[in-house]
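Accompanying notes for the structure given below.
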Amino acid sequence: MESRSGTPAPAVTTAVAPPARLSPVRPGWRGAWHGVRPTERLCHVTGAVLVLSGLAHLVVFALDGGPWDGPVSWRKPVTFGLSFGLTLIAITWVTSYLRVGTRLRSALLVVFAADCVVEVGGITLQAWRQVPSHLNMETGFDTAVSMTLAVGGGVLVVLLTVFAVASFQNRPTGPLGMPLALRSGFAILLVALASGAAMIARGVVLTRTGHQEAAYHSTAPLKPLHGVSLHAVLVLPALPWLLSHTPWSDRTRRRVIQAAVGCYAAAVLGAGVWAALTW
């Protein structure tokens, strides 16, 4: 194209904007953590701290030695720290599949987390004082700690029962098999709560009647039943979540979950029979 003077007109160039800079992709774990509610985040962190406390006392046991069994040992802060920490993390996760109001669930989880801290804290304190934590009425302070742990156990029973009832009132959400796994896990968890209450009740009766040493050893028959049934709410729901990431058919996944529930129920039944025979 030429201008009126006969000289070529300068070429018209169109400015091309540089390509938009894409925001970096958020890594999977960070993205998942970013989407967690503040209450859930608090519970997960608290659970992790309790687990670390249990592991730390395992190191203390390795260094200090002493008996593993008995009312006074490093076993209690180890096992209770790990157990309460994992249970808190598990309950925080699995209740996200329940059809419970957000505010109600958050309130229950905060109380549950606080109760877990109180239970593990009281047990750990008494371990460092080298005195029994449960059923110990030797001094006023020991009685206060023991009663606090007993009341805390009652609070745990109430909170977990509320979640268990909610799992049966309305069908839980989640991947294939999650409703069955959740309901089975909570049903078995109620067995753990009942066995724990039975241990405390029998121990208190023996303590009040002057059989302090017998009270410390009276819980042994129910400990396997209590321990096995306590973590069903973590193990069973984890299975459908893991299977949802496999290419297996719905029929296969359903059968695997049903078999797992049956095997876990058989293990609990076996522990219950053993407890009945040795009670």
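Could you tell me whether segment 93-106 includes any residue that is at pLDDT below 95 and either β-branched (Val, Ile, Thr) or within 25 Å of GLY203 (Cα to Cα) (or both)?
yes
Would you check which residues across segment 54-90 are within 28 Å of LEU190 (Cα to Cα) and of a type in the set (Val, Ile, Thr) and list them? Can you show your working first?
Looking only at segment 54-90, we keep the residues that are within 28 Å of LEU190 (Cα to Cα), and these are 54-55, 68-90.
Within segment 54-90, VAL72, VAL78, THR79, THR87, ILE89 qualify.
I'm told GLU138 meets every condition in (1) of a type in the set (Asp, Glu); (2) open to solvent by less than 20 Å² (accessible area, probe 1.4 Å); (3) more than 22 Å from LEU42 (Cα to Cα) except one. Can you identify the failing condition by its number?
All conditions are met except number (2).
Scan segment 121-134 and give yes if some residue there is part of a helix (DSSP H, G or I) and in contact (Cβ under 8 Å) with a residue 60 or more places away in the chain, otherwise no.
Yes, because at least one residue in segment 121-134 is part of a helix (DSSP H, G or I) and in contact (Cβ under 8 Å) with a residue 60 or more places away in the chain.
Within the group VAL233, VAL261, VAL204, VAL256, which residue is modelled with pLDDT of 90 or more, open to solvent by 40 Å² or more (accessible area, probe 1.4 Å) and either over 30 Å from THR148 (Cα atoms) or of a type outside the set (Ser, Thr, Tyr) (or both)?
Within the list VAL233, VAL261, VAL204, VAL256, the selection yields VAL256.
Which one of the conditions (1) at pLDDT below 95; (2) crowded, with 18+ Cβ neighbours inside 10 Å; (3) more than 25 Å from SER133 (Cα to Cα) does TRP33 fail to meet, given that it meets all the rest?
Looking at each condition in turn, TRP33 falls short on (2).
Conditions tested, residue by residue: (1) closer than 30 Å to VAL100 by Cβ; (2) small (Gly, Ala, Ser); (3) in contact with a helix residue (DSSP H, G or I) (Cβ under 6 Å, 6 or more places away or on another chain).
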{"position": "GLY140", "(1), (2), (3)": "no, yes, no"}
{"position": "THR143", "(1), (2), (3)": "no, no, no"}
{"position": "SER167", "(1), (2), (3)": "yes, yes, yes"}
{"position": "THR173", "(1), (2), (3)": "yes, no, yes"}
{"position": "GLY196", "(1), (2), (3)": "yes, yes, yes"}
{"position": "THR207", "(1), (2), (3)": "no, no, yes"}
{"position": "LEU230", "(1), (2), (3)": "yes, no, yes"}
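Which of (1) within 19 Å of LEU125 (Cβ to Cβ); (2) buried (at least 18 other Cβ atoms within 10 Å of the Cβ); (3) at pLDDT 90 or above does VAL49 not meet, given it meets every other one?
Of everything listed in (1) within 19 Å of LEU125 (Cβ to Cβ); (2) buried (at least 18 other Cβ atoms within 10 Å of the Cβ); (3) at pLDDT 90 or above, VAL49 misses just condition (2).
Looking only at segment 64-82, decide whether some residue is open to solvent by 40 Å² or more (accessible area, probe 1.4 Å), of a type outside the set (Lys, Arg), more than 16 Å from LEU149 (Cβ to Cβ) and in contact (Cβ under 8 Å) with a residue 60 or more places away in the chain.
For segment 64-82, residues open to solvent by 40 Å² or more (accessible area, probe 1.4 Å), of a type outside the set (Lys, Arg), more than 16 Å from LEU149 (Cβ to Cβ) and in contact (Cβ under 8 Å) with a residue 60 or more places away in the chain: absent.
Which is open to solvent by 60 Å² or more (accessible area, probe 1.4 Å) and either of a type in the set (A, V, I, L, M) or in contact (Cβ under 8 Å) with a residue 24 or more places away in the chain (or both), of VAL118, VAL100, VAL157, VAL94?
On the way: VAL100 fails: open to solvent by 60 Å² or more (accessible area, probe 1.4 Å); VAL157 fails: open to solvent by 60 Å² or more (accessible area, probe 1.4 Å); VAL94 fails: open to solvent by 60 Å² or more (accessible area, probe 1.4 Å).
Answer to the check: VAL118.
Mind telling me which of the residues TRP241, TRP248, TRP279, TRP274 ends up being within 30 Å of VAL145 (Cβ to Cβ) and open to solvent by 40 Å² or more (accessible area, probe 1.4 Å)? Let's see the steps before the verdict.
Values: TRP241 fails: within 30 Å of VAL145 (Cβ to Cβ); TRP248 fails: within 30 Å of VAL145 (Cβ to Cβ); TRP274 fails: within 30 Å of VAL145 (Cβ to Cβ).
Of TRP241, TRP248, TRP279, TRP274, the one residue that is within 30 Å of VAL145 (Cβ to Cβ) and open to solvent by 40 Å² or more (accessible area, probe 1.4 Å) is TRP279.
Of (1) under 19 Å from the mean Cα position of the chain (by Cα); (2) at pLDDT below 90, SER83 satisfies all except one. Which?
Failed condition: (2).
Among the residues of segment 183-199 satisfying the criterion of being farther than 27 Å from ILE257 by Cα and surrounded by fewer than 19 Cβ atoms within 10 Å (Cβ to Cβ), which is modelled with the lowest pLDDT?
Among those residues, the one meeting the criterion is ALA197.
The values are calculated or read from the model by the stated rules, or taken from the named source; none is laboratory data. What you see is a predicted model, and the numbers here were worked out from it, not measured in a lab. Glycine gets a Cβ as well: all are built from the backbone with ideal geometry, and neighbour counts include every protein chain shown. Accessible surface areas use protein heavy atoms only, side chains included; no ligands, DNA or RNA. Shrake-Rupley method; radii C 1.70, N 1.55, O 1.52, S 1.80 Å.
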